[in-house]
1. When the helix-only estimate is applied to the protein assembly as shown (DSSP H runs of n ≥ 4, each -39,500 (n - 2.57), divided by the residue count), what is the mean residue ellipticity at 222 nm, nearest 500 deg cm²/dmol?
2. Please list the non-local residues whose amide H lies under 5 Å from the amide H of B:M104, H modeled 1.01 Å from N, same-chain partners needing a gap of 5 or more.
3. Please list, in chain and number order, the residues 5+ apart from A:M310 or on another chain whose amide H is under 5 Å from its amide H, with Hs placed from the backbone.
4. Using modelled amide H (1.01 Å from N, peptide plane; none on Pro or chain starts), what sits under 5 Å from the amide H of B:S52, excluding residues fewer than 5 places away?
5. Given A:A226, A:L41, A:A136, which one lies farthest toward the positive end of the charge dipole of segment A:9-233, if we put +1 on the Cβ of every Lys and Arg and -1 on the Cβ of every Asp and Glu?
6. Measure off 7 Å from each Cα along the Cα-to-Cβ vector at A:E119 and B:R158, then give the distance between these two points in nanometres to one decimal.
7. Using the Karplus equation 6.51 cos²θ - 1.76 cosθ + 1.60 (θ = phi - 60°), what ³J(HN,Hα) coupling, rounded to whole Hz, does each residue of segment B:58-70 give in order, writing x for Gly and Pro?
8. Which order do the peptides A:201-208, A:260-267, A:323-330, B:169-176 take when ranked by the mean count of other beta-carbon atoms within 10 Å per residue, highest first?
Amino acid sequence: MVTNNAPLLEVKNLRVEFPTRRGTLLAVDDVSFDIAPGEVLGVVGESGAGKSLTGNAIIGLLEPPGRIAGGEVRLEGKRIDNLPYEEMRKIRGARIGAIFQDPLTSLNPLYSVSRQLVETIQTHMPLSASAARARALDLLKEVGIPGAEQRIDHYPHQFSGGMRQRVVIALALCAGPRLIVADEPTTALDVSIQAQIIALLKKLCREHGTSVMLVTHDMGVIAETADRVAVMYAGRIAEIGPVRDVIKNAKHPYTKGLMGSIPSLGHRAERLTQIDGSMPRLTEIPTGCAFNPRCTVRGERCLVERPELMAADASRAACWLHDAGGVGTPVAPVREMANA
Amino acid sequence: MPDGNYVRIEGLKRYFDVSAPWLVRKLEGKPRQIVQAVDGIDIQIAKGETFSLVGESGCGKSTVARLVVGLYPPTAGKIVFDGNDMSERRGQGAHSTLRRRLQMIFQDPFASLNPRWRVFDIIAEPIRAFGLSKDKADLEKQVGDLLRQVRLTPADGRKFPHEFSGGQRQRISIARALASQPEFLICDEPTSALDVSVQAQILNLMMDLQRRLKLTYLFISHNLAVVYHISTRVGVMYLGRLVEEAPTDTLFKRPKHPYTRMLLDTIPDLDMTGRQRAPVAGEVPSPLNPPSGCTFHPRCPFANERCKAERPKALPIEGGTVACHGIEENRIPIEDRSYTARG
C-alpha cells in the first residue's frame, strides 16, 4: 500500500566501505531509496550485491571495520545514521525492528522465550513485569504460536524452525516499530513454512501499518510480498520500481537476465536464460557500468560512463538504454575464455 | 511405466538408531528411539531420464541419495543398478567396476572439495583410483578435457578451490563426478547453495551434459520449479515415504496427492504478484514419532478414519502412482492446474 504521505524512511546516497590492507572497498555505493508508511520494499540481488549491508547500515549494525562513509538515513525525517550508540540502541527495537535469517542464532539459547520477550518489552516500554509478560503472551498469540500459554516458558531449542522464526517476529514487534528490516527471513525455512511466515508478515504489516524492508535473494518471495522492489548489483541499485513492472517488464539488462534465469512453472524451456560470468569482486568493479562485461546490449558509453538511476516507464533503471544519448556504438560482451 | 529396469529401487528402508546410550536408557527407563528416515520406497528409473525426488527437509530424500550411491547400507530392500544388486556382497574388482559407473554431486561446493588439493588433483583422483589413464600425459589430457567440458580452462587445474566462486566450484564437482566416465549421476541439491543466475548456468550445463553423454540423473531437490524444469519423472516424498510419483507434466498439471497439491500451492512464483496464498497449517511431524496410518493425515484436509489407521498403498494412476486413500476411494476430485506463462 503506497500512500502519498512523507516517506517513513529516506536513504540518500548511502555509501558503506570496508578499509582493508589493500585499500578501501566500497561495498554499497551511492544507494538512494525511500519507503512509504505501510509499504513493503523488496531488495533483491545475488550474494555480495550489498543488500544485507544496506539493511545493516540502516539499523546501525554494520560489523566493524565496515562503516558508513557517506550519505544519510532518515527515519520520519530525523537523521539516524550519525546517532551515538546509546541513542541508536533506543531507536533500534522501538522504532525499527529487525528479523534475521537464522532464527536459531538470533535467539539466546540460554534464556526462555518469555525472558527474552519481556526483556525487550521492558527496555523500550515502561511496563511492569507482569504487564510485559501479558504483552509477550499477546504477541506470541498474534504470531500464531499454538498453546502460547505453555510455550512462552520454553527455550528456543524446544521450538521448530518455523515456530522459532515466529518468535523472532514477535521479538521484532515488541515495541510496535514503524519499520521492520527483514534480512532473508524465510531462507532457512521449508517452502510450506515459508508460505506461513510470509502470510504472517503481510498480515501484521497490514494490521499495524508497519513498513518492511525485505531483503532476500528469492524473487518469488518478493513477487508476492513487496509493493516495490529494488534490484541491487555490485553495491548499487540497478533498477527500482513497482514489483509488477520490474518482474514483467524489466528495464535493466541485468534484471531481465535475472528474471529469465528463474525457472518458472508457467512454461518449460529447453534452456534457462543465463547470464554468463559472475558478479565482479569488490576489488575489480569495472569502470563505467558495473554490469557491462556481462551485458549483451552494451555500447561504448557503458565502458566509460557510469549510469545513474533514470526514469524508464514506471520504474527507474541505471542503464544508458533509457537515456536520450543511448549506449553509443555497440560493443560485443566479454566472452569469458571459459565460455568460448 | 517406462522400462524402468536401469535403476530399480525396491522396498528401500533405512532406519537410524538415535537412542540414548544403553546405561542412560536403563537408568532412566527410556525406550529405544528409531528414526525411520526412509520407510519403504519403490522407484524405477529408465536409462537417460532424470528422476527427481522432492520434499521438505527431513523427508529422507538425501538419505535415499546416499543409499543409492552406497554411502549407507540399506536396512531393508534392494537397489538394482543395470541388473546388478548393489547390496550383494561381491569381490573388490566387481564392486569397483559398478562404483565407477555411478557418481555423486553434493550440495555444498564449499564443503565437498578438499581445500588443500589443487583442482587438477581433485579431478584426477577418480581417474587414478579406477586406473583409467595410460600415463601422465593421458591423465593431463583427460583432466583438461573435463575442465573444458564444464566450461573452465585446463589452466584452472593449477588453482586451489578457494580461488573459485560457488558456481565455479560446483562445476569442479561436476567435472570430478564425470572423471570416472559414469552413466548414472546422483545429484543431491546441486544448485541450492547457488544464486539464481548461477543456478541457471549449472542447470543448463547439466542438461547439456546429459544430452551429450547420455547420462541418467537422480536429482534431489526441494525446489519444485527447478525440478519441473529438469526432470522426466518426479517423486514426492513425505516423512520417508513416496506419496506420489508421475511423469513431470502429469504431476504438475494434475497433482493428485493432497501433499503434492499443498507443495505446489506454497511455491512462490513470479506470476503471483500480490496474489494471496492460503498457507497450509502445521509442520512436518518428527520422524521419530510419525503419525499412524497415512503420515500426512494430521495436515490433510481430506483425512478420515481410514487415513488415521491404515497406511495407504501406492496405486497406479495416469502413468504414475499415488499413495492416498482419498484418491483410491474417489473422495478427492482431481483437477487440472493452470499456470500462466511469464511474458
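Any read-out appearing in this document is the output of simple, stated calculations on the displayed coordinates, not a laboratory observation. Values in this document were obtained by computation on a predicted structure and should not be read as measured data. Because the Cβ atoms are built from the backbone with ideal geometry, glycine has one as well, and the counts that use them run over all protein chains shown.
1. Numbers: 23 runs with 218 residues, N = 683.
Mean residue ellipticity at 222 nm (helix-derived): -9000 deg cm²/dmol.
2. Amide H neighbours of B:M104, under 5 Å, 5+ apart: B:I186.
3. It is A:A317, A:A318, A:C319, by chain and number.
4. When sequence neighbours closer than 5 places are left aside, the close amide H contacts are B:F219, B:T232, B:R233, B:V234, B:G235.
5. The one lying farthest along the dipole's positive direction is A:A136.
6. 5.4
7. Using θ = phi - 60°, the values come out as x, 8, x, 5, 5, 4, 4, 4, 5, 5, 5, 6, x Hz.
8. So the order, starting with the most tightly packed, is B:169-176, A:260-267, A:201-208, A:323-330.
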